[in-house]
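A short write-up of the structure that comes next.
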Amino acid sequence: MEGLERVIKEHPFFAGLDEGFCVLVCGCAKNVRYEAGRYLFHEGDPANEFYLIRHGRVSLELHAPERGAVTFQTLGPGEVVGVSWLIPPYRWSYDAKALELTRAIAMDAACLRQKCEADHDLGYDMMKRFMPVLVQRLQAARLQALDVYSARPLKPCA
């Protein structure tokens, strides 16, 4: 576990994490690997994990009528994938796909939620880390939606 603890401490998302919190977080972590083209998760599926990207790139995709999958953000090393694990009903609201070989730390969401409930200081720390990510993802999706719908001619009002 010492190697995993070091990796988590060095990941930018967890910069400055309290030593005691790091031990708790590491108890929910495991290494994962995704080949190019493989999905980390799909919209509507249970949000059972989130991911700290170590190597590779992941696209976040929404499905638009008549256009299919639309990438609204691409993430790389040092970034986190997945915020839906925090908010009931704990289901993904978009797809995430590895664009190339991607190595990450997967965090067991139920494990971490339970630890956050037991230690509200840890829960508050997690919320402070995830809120900027959540806001940034919403902004990216909003901008992508504006781009998608601005490409369509407007219908005159009747």
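Annotations
- Any chance residue 43 is outside any strand (DSSP E or B), touching a Phe, Trp or Tyr at 6+ places or on another chain (Cβ under 9 Å) and more than 18 Å from residue 114 (Cα to Cα): yes
- Contact map, segment 112-125: residues that are at pLDDT below 90 paired with residues that are open to solvent by 90 Å² or more (accessible area, probe 1.4 Å), Cβ distance under 9 Å, separation 6+ or inter-chain. Pairs shown: 123/117.
- Here residue 52 fulfils each of the conditions (1) farther than 30 Å from residue 68 by Cβ; (2) open to solvent by less than 60 Å² (accessible area, probe 1.4 Å) apart from (1).
- Of all residues in segment 46-84, those being assigned to a strand (DSSP E or B) and of a type outside the set (S, T, N, Q) number 21.
- Single match in 23, 32 (criterion: modelled with pLDDT of 95 or more, open to solvent by 20 Å² or more (accessible area, probe 1.4 Å) and either within 24 Å of residue 116 (Cβ to Cβ) or assigned to a strand (DSSP E or B) (or both)): 32
- Being at pLDDT below 95 and touching an Asp or Glu at 6+ places or on another chain (Cβ under 6 Å) is a description that applies to residue 61.
- Selected residue (criterion: most open to solvent (accessible area, probe 1.4 Å)) from residues of segment 85-120 that are touching a helix residue (DSSP H, G or I) at 6+ places or on another chain (Cβ under 8 Å) and assigned to a helix (DSSP H, G or I): 117
- With respect to being in a helix (DSSP H, G or I), out of contact with any Cys (no Cβ under 8 Å at 6 or more places or on another chain), modelled with pLDDT of 90 or more and loosely packed, with under 14 Cβ neighbours inside 10 Å, residue 136 falls outside the description.
The values are calculated or read from the model by the stated rules, or taken from the named source; none is laboratory data. Since the model is a prediction, treat every value here as computed from it, not as a measurement. Using ideal geometry, Cβ is built from the backbone for each residue, glycine included, and neighbour counts are taken over all protein chains shown. When the accessible area is computed, the model is the full protein with side chains, heavy atoms only, and any ligands, DNA or RNA have been set aside. Shrake-Rupley method; radii C 1.70, N 1.55, O 1.52, S 1.80 Å.
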